[in-house]
């Protein structure tokens, strides 16, 4: 058995799996009943209503489209992004003799040797 035969067999199983998955997803979408299309009123400002829903201001009847509040989701996402940025900054720093030094204080692009001479 040649090496090309084993490669083609190794690619056949994932190709068949992807084809079956695509067929199942297409069948699911085509057989689904999505109901009637709901539209916004013609005089409603979509941007304003999204803002009112984001900060849960629809209870004050500022928005013309009824919606749910998303304030908790907004705050959770904001805290998660803040933690991710803080962690990235912390990981970008390295310790040198017990003190934290900025990762960009000295950039050596020649493999880590001062002076730039290659050996």
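Once both labels are positioned 7 Å from their Cα atoms along Cα-to-Cβ, the gap between residue 91 and residue 8 label points is 4.3 nm.
Segment residue 27..residue 65, full-extension length gain: 10.3 nm, with 0.36 nm per residue of separation and the alpha-carbon distance subtracted. Calculated FRET efficiency, residue 56 to residue 20, Cβ-Cβ distance, R0 = 41 Å: about 0.40 to the nearest 0.05.
Bear in mind that the values in this text are calculations on the coordinates, not laboratory data. Everything numeric here is computed off the predicted structure, so don't read it as measured data. Because the Cβ atoms are built from the backbone with ideal geometry, glycine has one as well, and the counts that use them run over all protein chains shown.
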